[in-house]
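Trainee: Below you will find the structure I want to go over with you.
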Amino acid sequence: MDFRELMREERRRVREAAQSKPNTDTKSASKINIEEFRKGPISGVYYIPNWITQDEEAAIVERVYAVPHDNDLWVKLKHRRLQMWGGEVKVPFEPNPLPEWLQQISQTLLDTGIFSEEKKPNHALINEYGVGDCILPHEDGPAYFPLVSIISTGAECRVTFEPHRALASVDNQSVSEAAPTNEIVQNFDFQLERRSLLLFTGEAYTRYLHSVDNIEVGTRISLTIRHVDLL
């Protein structure tokens with residue numbers, strides 16, 4: 001067996017190990033009224049503290065670090081590193097099955113009515129943030145429309161929503177001209193606690209950018225679970 005074949009075999013072994021870890025034991029869930037968890041002045045932002053238990057949080061972290069630090073399933077970026085599960089987001093999108101533990105988490109999001117069966121989760125980004133790491137204001141784009149769900153574990157941080165530059169007041173354009181349906185909120189931020197669930201959809205998705213501030217202490221691992229819909 002040549003070196004390249006050895007590397008392919010090692011990647012396969014690591015991927016299978018990450019997928020076959022014991023059950024994350026996420027609890028079965030009933031439908032929830034998401035409007036009870038609306039957060040702040042921006043339409044489409046929802047926040048649920050203690051979405052997962054402490055044991056579930058520990059199980060998630062264990063699954064994430066089942067992938068060794070130096071494995072190429074980890075992708076290093078400037079202010080974070082990540083794992084991507086479900087396939088590369090490109091046209092045409094060729095989905096790969098999520099690991100069993102991510103399927104269990106996704107099923108809970110289905111059971112509660114957060115995602116629909118027609119647009120059930122099929123993609124996950126696992127982001128690891130160390131001290132000083134952050135993610136700058138950005139949008140998730142049309143591939144994941146209309147809903148993003150983010151489960152936070154470990155270190156806490158602040159998330160900020162700010163309007164797209166085109167929607168902010170420009171020159172003499174009034175807020176009402178820039179936003180004919182709803183007044184634009186210039187800035188809105190709040191603390192993302194560990195074990196919480198953040199959702200954003202609607203105007204929060206299409207009209208606002210979001211960012212995560214520098215991590216001050218510890219390590220944060222977030223699971224961004226979405227439905228990819230690309231032909």
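The values are calculated or read from the model by the stated rules, or taken from the named source; none is laboratory data. Since we're looking at a predicted model, the values are computed, not measured. All Cβ positions, glycine included, derive from the backbone under ideal geometry; neighbour counts span all protein chains shown.
Trainee: In region 205-231, what residues are touching a Ser or Thr at 6+ places or on another chain (Cβ under 8 Å) and among the hydroxyl-bearing types (Ser, Thr, Tyr)?
Mentor: Once the filter is applied, which keeps residues that are touching a Ser or Thr at 6+ places or on another chain (Cβ under 8 Å) and among the hydroxyl-bearing types (Ser, Thr, Tyr), region 205-231 yields 211, 222, 224.
Trainee: Given (1) modelled with pLDDT of 95 or more; (2) in a loop (DSSP other than H, G, I, E, B), identify the lone condition not met by residue 167.
Mentor: (1)
Trainee: In this structure, does residue 202 turn out to be modelled with pLDDT of 95 or more, of a type outside the set (A, V, I, L, M, F, W, C) and in contact with a Ser or Thr (Cβ under 6 Å, 6 or more places away or on another chain)?
Mentor: Taking the combined requirement at face value, the residue satisfies it.
Residue by residue, here is whether (1) more than 13 Å from residue 224 (Cα to Cα); (2) in contact with a Ser or Thr (Cβ under 6 Å, 6 or more places away or on another chain); (3) touching a residue at least 40 places away in the same chain (Cβ under 8 Å) holds:
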position: 79; (1), (2), (3): yes, no, yes
position: 90; (1), (2), (3): yes, no, yes
position: 93; (1), (2), (3): yes, no, yes
position: 97; (1), (2), (3): yes, no, no
position: 100; (1), (2), (3): yes, no, yes
position: 106; (1), (2), (3): no, no, yes
position: 113; (1), (2), (3): yes, no, yes
position: 147; (1), (2), (3): no, yes, yes
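Trainee: List every residue pair whose Cβ atoms sit under 8 Å apart, with the two residues 6 or more apart in sequence or on different chains, where the first one lies in region 29-41 and is farther than 9 Å from residue 114 by Cβ and the second, anywhere, is outside any loop (DSSP other than H, G, I, E, B) and β-branched (Val, Ile, Thr).
Mentor: 29/108; 37/48; 38/45; 39/45
Yes or no, residue by residue, for (1) over 30 Å from residue 96 (Cα atoms); (2) part of a strand (DSSP E or B); (3) modelled with pLDDT under 90; (4) aromatic (Phe, Trp, Tyr):
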residue: 140; (1), (2), (3), (4): no, no, no, no
residue: 143; (1), (2), (3), (4): no, no, no, no
residue: 171; (1), (2), (3), (4): yes, no, yes, no
residue: 181; (1), (2), (3), (4): yes, no, yes, no
residue: 222; (1), (2), (3), (4): no, yes, no, no
residue: 229; (1), (2), (3), (4): no, no, yes, no
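Trainee: Hey, another quick one. What single numbered condition from (1) under 16 Å from residue 104 (Cβ atoms); (2) out of contact with any helix residue (DSSP H, G or I) (no Cβ under 7 Å at 6 or more places or on another chain); (3) modelled with pLDDT under 90; (4) of a type in the set (D, E, K, R) fails to hold for residue 15?
Mentor: (1)
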